[in-house]
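Undergrad: Once you've had a glance at the structure underneath, I'll fire off some questions.
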């Protein structure tokens, strides 16, 4: 990956993290957690698994951990795990339809939100948040490929 692509993706992920924080302040009243950053990472990894590797996931995860003031390594570990799972099952996922891929990434997001909730807010864990966030991720991932193509049309990713 070129340095210019790395800088561009870093800026995009930090902007998405900021947007997620602001949107989640509004959506938490409806028991929904938005996670556009994670869905965009899943999309990028699925789109080009040769360039998006686990080292990149750890790098972006550490930056988001620093940006959101959470346990250092939480996002990095979960991003790295997700990238490893997507890269390991890349050819199996390629056989799925777009609907099935959207379902798979929505399940990944529900697991991510559930695991993050267990670690960060143990005493206030709610299954409703995980369940509704699955549907939110499903709807969000319908727009992520369009957004990804728009943002990355000048790069080779």
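Undergrad: Using Cα pairs closer than 8 Å and at least 6 residues apart in sequence, work out the relative contact order for the chain, in percent. Could you put the intermediate results ahead of the total?
TA: Details: 153 pairs, mean separation 44.3, N = 157.
Once divided by the residue count of the chain, the mean separation gives 28 percent.
Undergrad: Pull out the extension gain between residue 11 and residue 96, defined as 0.36 nm times the separation in residues minus the alpha carbon to alpha carbon distance; nm, one decimal.
TA: Numbers: separation 85, 0.36 × 85 = 30.60 nm, distance 3.08 nm.
Answer, rounded to one decimal: 27.5 nm.
Undergrad: Could I ask something else about it? Please compute the length gained on full extension between residue 18 and residue 67, using 0.36 nm multiplied by the number of residues separating them and subtracting their Cα-Cα distance.
TA: 16.8 nm
Undergrad: Starting from 0.36 nm per residue, how many nanometres of slack lie between residue 55 and residue 156 once their C-alpha separation is accounted for?
TA: This chain segment gains 34.5 nm when fully extended.
Undergrad: Which of the following values of Cα extents along the principal axes in Å was calculated from the structure shown: (i) 50, 35, 31; (ii) 55, 45, 22; (iii) 43, 34, 26?
TA: (iii)
Undergrad: Next up: Roughly speaking, what is the centre-to-centre gap between the stretch 79-155 and the stretch 1-69 when only Cα atoms are used, to the nearest Å?
TA: Measuring centre to centre over Cα atoms gives 11 Å.
Undergrad: Okay, helix-only estimate at 222 nm for the chain: each DSSP H run of n ≥ 4 adds -39500 (n - 2.57), divide by all residues, round to 500 deg cm²/dmol; what do you get?
TA: -24500 deg cm²/dmol
Undergrad: What is the packing order of peptides 103-112, 11-20, taking the mean over residues of other C-beta atoms within 10 Å and listing the highest first?
TA: The packing order, highest mean first, is 103-112, 11-20.
Undergrad: Tell me, 98, 65 in order of fewest to most beta-carbon neighbours within 10 Å?
TA: Ascending number of Cβ neighbours within 10 Å: 98, 65.
Undergrad: Moving on to the next point. Need one number: nm distance between label points at residue 115 and residue 147, each 7 Å from Cα along Cα→Cβ, rounded to one decimal.
TA: 2.1 nm
Values quoted throughout were computed directly from the atomic coordinates according to the rules given, and no laboratory measurement underlies them. These numbers were taken from a predicted model, which means no experiment stands behind them. Here the Cβ is made from the backbone with ideal geometry for all residues, glycine too, and neighbour counts use every protein chain on show.
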